[in-house]
1. State whether the residues of the stretch 20-35 include one that is under 24 Å from residue 126 (Cβ atoms) and under 14 Å from the mean Cα position of the chain (by Cα).
2. Which residues, taken from the stretch 29-42, are farther than 20 Å from residue 111 by Cα and surrounded by 14 or more Cβ atoms within 10 Å (Cβ to Cβ)?
3. Residues that are modelled with pLDDT under 80, out of contact with any helix residue (DSSP H, G or I) (no Cβ under 8 Å at 6 or more places or on another chain) and surrounded by 15 or more Cβ atoms within 10 Å (Cβ to Cβ): does the stretch 109-124 have at least one?
4. I'd like the residue in the stretch 114-128 that is in contact with a strand residue (DSSP E or B) (Cβ under 8 Å, 6 or more places away or on another chain) and not in a helix (DSSP H, G or I) and, out of all such residues, is farthest from residue 99 (Cα to Cα).
5. Which condition number in (1) in contact with a helix residue (DSSP H, G or I) (Cβ under 9 Å, 6 or more places away or on another chain); (2) under 22 Å from residue 87 (Cα atoms) is the one that residue 66 fails?
């Protein structure tokens, strides 16, 4: 086993789901699985390297959808914790900041969308190297509808300070962490 400490996964799930009719997106199903189950699936082979998975959602979402109980069922046997926010945030950067403020998380961290399943092998390999402070997956954007993509803005040396939700939105959509 590597000398690099095991890592933590964070799945921010506190979004309002506006593009999905304000439904709780992580529990929507596609091909018989919830979005969050599909997003977590690529990490299952890496469970020996994962200390804990943090699912971040609001108290309102928990009350309306029984989030904690459903996650406990879906992820039985997987070390995980709920990070329950008192109120919605202004975006993913604030959601992540509040999770980091309320939980003791040390060592490498991967932050994952709750509705995208990706090939994580490259990210896990990057996390194995202690010199990697930050690994950002990239891909060819040719022929992509860029207005549908989120953009992270890094202003400070070691901290994401703002996230523009969608590039087609106005400056008001930028939320500071």
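1. No.
2. Applying the first criterion (farther than 20 Å from residue 111 by Cα) to the stretch 29-42 yields 29-33.
Of everything in the stretch 29-42, just one residue is farther than 20 Å from residue 111 by Cα and surrounded by 14 or more Cβ atoms within 10 Å (Cβ to Cβ), namely 33.
3. yes
4. Going through the qualifying residues, I end up with 120.
5. (1)
The values are calculated or read from the model by the stated rules, or taken from the named source; none is laboratory data. Given the structure is predicted, the values throughout are model-derived calculations rather than measurements. Using ideal geometry, Cβ is built from the backbone for each residue, glycine included, and neighbour counts are taken over all protein chains shown.
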